[in-house]
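The values are calculated or read from the model by the stated rules, or taken from the named source; none is laboratory data. Everything quoted here is computed from the prediction, not taken from an experiment. Virtual Cβ from ideal backbone geometry, glycine too; neighbours counted across all protein chains shown. The protein model used for the area step is the full one, side chains on, heavy atoms only, and it has no ligands, DNA or RNA in it. Shrake-Rupley method; radii C 1.70, N 1.55, O 1.52, S 1.80 Å.
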Amino acid sequence: MKWDVVIGLEVHVQLNTKTKAFCACSTQYGAEPNTQVCPVCLGYPGALPVLNEELVRSAVAAGIATHSKIRTKSQFSRKNYFYPDLPKGYQISQYDDPICYDGYVEIENEGKKKKIGLIRIHMEEDSGKSLHSESGTLIDLNRSGVPLLEIVSQPEIHSPQEAYAYLTTIKQRLRYTGISNCNMEEGSLRCDANISLKPAGSPAFGTRTELKNLNSFRNVERALTFEINRQKELLESGGTITQATLLWDEQKQETRQMRGKEESHDYRYFPEPDLPPVLITEDFIQNLRMQLPEMPDLRKERFIDKYDMLEDDAAVLTNEKEIADYFENLVKLFPNNVKLARHWVQGEILRILKEQNLSAGQIPIKASHLAELLQFVDRQDITPQTGKAVLDEMCATGKSAAIIIDEKALMKIADSGELSTIIDKIIQNSPKESARYRSGKIQLLAYFIGQVMKATKGQADQGITRKLLIEKLGPVTEG
Ligand SMILES: [Zn+2]
């Protein structure tokens with residue numbers, strides 16, 4: 001039997017505001033437990049919340065980045081539930097009339113583009129964190145009150161691969177706005193998934209399950225794949241799906257059901273009486289729209305046109321805003337050869353980031369320094385191979401390209417007199433190879449070029465070396 005897979009995703013994004021959603025406590029990650037707390041985020045009776053304007057600004061920015069409609073009037077609600085790490089006994093969230101609604105993002109999966117609708121984006125606060133150990137459970141309330149956005153997709157995702165593409169797109173766009181680093185390892189991006197199956201083409205939705213505890217994009221993909229197969233097998237053997245909340249067990253690579261009590265929800269939402277409605281003006285939205293950077297899809301298109309590059313190359317360069325900014329800076333400083341600049345950012349800069357385990361925002365070479373190095377490469381003063389070694393040296397020492405090239409005397413040997421002497425010596429020392437070359441084994445030219453490069457530590461000019469070698473090795477007698 002053929003099945004349609006229906007997936008909806010809820011993404012929680014932790015914002016990088018300096019202070020919490022409703023108090024002035026710091027949001028800095030990694031502080032000693034319970035050092036970033038106050039009566040408001042500890043839920044003391046009588047302490048009153050004050051809305052952080054940055055939270056509203058971030059929510060509107062996320063709305064703009066996802067083509068959402070934005071409400072000029074929205075309100076907060078209390079979501080009531082009992083949990084040890086929720087000191088007030090309720091979470092301040094939005095229920096009716098969230099700040100953003102009816103958005104979409106365009107995803108690309110297996111070369112096909114597709115729009116995924118967003119039902120809503122709302123503002124809320126985070127809970128604290130329970131730390132379980134053998135001696136008991138401890139609670140850290142540093143995270144209590146940290147601002148979050150919840151982004152809810154339409155159930156328009158039809159495979160684990162589409163879910164992965166959707167998350168990647170959301171992450172990329174939000175990172176461009178600068179409102180969050182969307183780092184899943186630090187918990188600044190979290191994801192829950194709803195999933196159900198229905199007979200292919202059927203208009204009615206099947207019973208859905210909810211997957212929680214998905215702490216990496218790959219785990220989302222794996223958990224969904226597992227759950228699709230589990231539901232399929234159950235349905236095809238005549239069983240029925242029961243609505244349930246499932247946890248992904250990373251060790252066992254399977255989903256398991258939460259205890260019944262944990263999933264009985266009756267949140268009894270009601271409007272938050274301690275906070276007035278959130279009012280924003282059209283001007284506020286327009287101003288923010290103007291301030292936001294060009295979004296990755298538009299930037300990619302512009303790179304293709306302006307810098308005459310292939311779509312794949314433009315995608316690599318615009319994947320992270322910092323890399324795209326770096327490339328454009330470099331091209332401004334070194335407009336001579338855009339293709340060379342692209343090649344070095346894509347090849348060498350990304351290699352260095354990967355090798356040194358750095359993020360896109362931590363490129364260890366200033367664009368102006370790379371521009372200087374590329375002048376040498378472009379003028380063919382040094383070989384590309386030497387250029388790469390110089391770049392590594394620049395990373396390690398912080399010295400400029402000119403100084404390293406000068407200190408190590410790395411300028412390319414293009415002087416035929418000097419090369420001549422080196423080549424004569426090599427031919428002299430390789431009588432067997434020379435004879436075989438002359439008797440028709442012309443592939444040996446590569447061997448000689450290799451020897452010259454070895455002798456000059458890669459600094460010999462390839463073209464001149466080749467020309468001199470052919471001259472000096474003498475005529476080849478065929479067969
Ligand atoms: Zn506080």
Original post:
Can you name the residue in segment 1-28 that is open to solvent by less than 30 Å² (accessible area, probe 1.4 Å) and of a type in the set (A, V, I, L, M) and, of all such residues, is nearest to the ligand (Cβ to nearest atom)?
Top reply: A21
Original post:
Could you list, in sequence order, the residues of segment 283-308 that are more than 20 Å from E106 (Cα to Cα) and either at pLDDT below 95 or open to solvent by 80 Å² or more (accessible area, probe 1.4 Å) (or both)?
Top reply: D283, Q286, N287, M290, Q291, D305, K306, D308
**OP:** Name the one entry in L373, L469 that is within 22 Å of G347 (Cα to Cα), open to solvent by less than 80 Å² (accessible area, probe 1.4 Å) and in a helix (DSSP H, G or I).
**Re:** L373
Subject >> Residue in segment 113-123 that is crowded, with 24+ Cβ neighbours inside 10 Å and within 16 Å of the ligand (Cβ to nearest atom) present >> reply: no
Original post:
If you take the residues of segment 430-458 that are open to solvent by 20 Å² or more (accessible area, probe 1.4 Å) and among the polar types (S, T, N, Q), which of them is nearest to the chain's Cα centre (by Cα)?
Top reply: Q451
**OP:** Have a look at S135, S153, S144 and point out the one that is more than 16 Å from the ligand (Cβ to nearest atom) and touching a strand residue (DSSP E or B) at 6+ places or on another chain (Cβ under 8 Å).
**Re:** S153
**OP:** Could you grab the pairs with beta carbons closer than 7 Å, sequence gap of 6+ or different chains, first residue in segment 44-64 and free of Cβ contacts under 8 Å to residues at least 60 places away in the same chain, second one crowded, with 19+ Cβ neighbours inside 10 Å and not in a loop (DSSP other than H, G, I, E, B)?
**Re:** G63/I70; G63/C100; G63/G103; G63/I121
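Kindly indicate whether any position in segment 260-267 is in contact with an Asp or Glu (Cβ under 9 Å, 6 or more places away or on another chain), open to solvent by less than 90 Å² (accessible area, probe 1.4 Å) and modelled with pLDDT under 90.
If we filter segment 260-267 for residues that are in contact with an Asp or Glu (Cβ under 9 Å, 6 or more places away or on another chain), which is where we start, we get 263.
Pick out the ones that are also open to solvent by less than 90 Å² (accessible area, probe 1.4 Å) and you get 263.
Going one step further and asking which of them are modelled with pLDDT under 90, we end up with 263.
Among the residues of segment 260-267, at least one is in contact with an Asp or Glu (Cβ under 9 Å, 6 or more places away or on another chain), open to solvent by less than 90 Å² (accessible area, probe 1.4 Å) and modelled with pLDDT under 90, which makes the answer yes.
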Original post:
If you take the residues in segment 173-210 that are exposed (fewer than 15 other Cβ atoms within 10 Å of the Cβ) and within 25 Å of L149 (Cα to Cα), which one is modelled with the lowest pLDDT?
Top reply: E185
Original post:
Can you pull out the residues in segment 29-55 that are over 28 Å from the mean Cα position of the chain (by Cα) and either within 9 Å of the ligand (Cβ to nearest atom) or open to solvent by less than 30 Å² (accessible area, probe 1.4 Å) (or both)?
Top reply: Q36, V37, C38, P39, V40, C41, L42, G43, A47, P49
Original post:
Cβ-Cβ below 8 Å, separation at least six or inter-chain, first residue in segment 336-348 and within 18 Å of I365 (Cα to Cα), second part of a helix (DSSP H, G or I) and open to solvent by 40 Å² or more (accessible area, probe 1.4 Å): which pairs?
Top reply: L340/D378; Q346/V316; E348/K388
**OP:** Taking the options G136, G128, G145, name whichever one is more than 20 Å from the chain's Cα centre (by Cα), surrounded by 18 or more Cβ atoms within 10 Å (Cβ to Cβ) and on the phi > 0 side of the Ramachandran plot.
**Re:** G145
Original post:
When I241 is evaluated against the numbered criteria (1) modelled with pLDDT under 90; (2) buried (at least 16 other Cβ atoms within 10 Å of the Cβ), which criterion, by number, is the only one it fails?
Top reply: (1)
**OP:** Identify, from the list D85, D97, the residue that is at pLDDT below 95, in the same structural domain as F205 (by TED's automatic domain parsing) and more than 16 Å from the ligand (Cβ to nearest atom).
**Re:** D97
Original post:
In segment 217-238, how many residues are open to solvent by less than 30 Å² (accessible area, probe 1.4 Å) and of a type in the set (G, A, S)?
Top reply: 1
Original post:
How many residues are among the basic types (K, R) and out of contact with any strand residue (DSSP E or B) (no Cβ under 9 Å at 6 or more places or on another chain) if we restrict to segment 217-235?
Top reply: 1
Original post:
With I352, I404, I382, I442 as the choices, which residue is touching a residue at least 12 places away in the same chain (Cβ under 8 Å), in a loop (DSSP other than H, G, I, E, B), farther than 30 Å from G474 by Cβ and β-branched (V, I, T)?
Top reply: I382
Original post:
Hey, among the residues in segment 311-338 that are closer than 21 Å to D392 by Cα and open to solvent by 60 Å² or more (accessible area, probe 1.4 Å), which one's nearest to the chain's Cα centre (by Cα)?
Top reply: E322
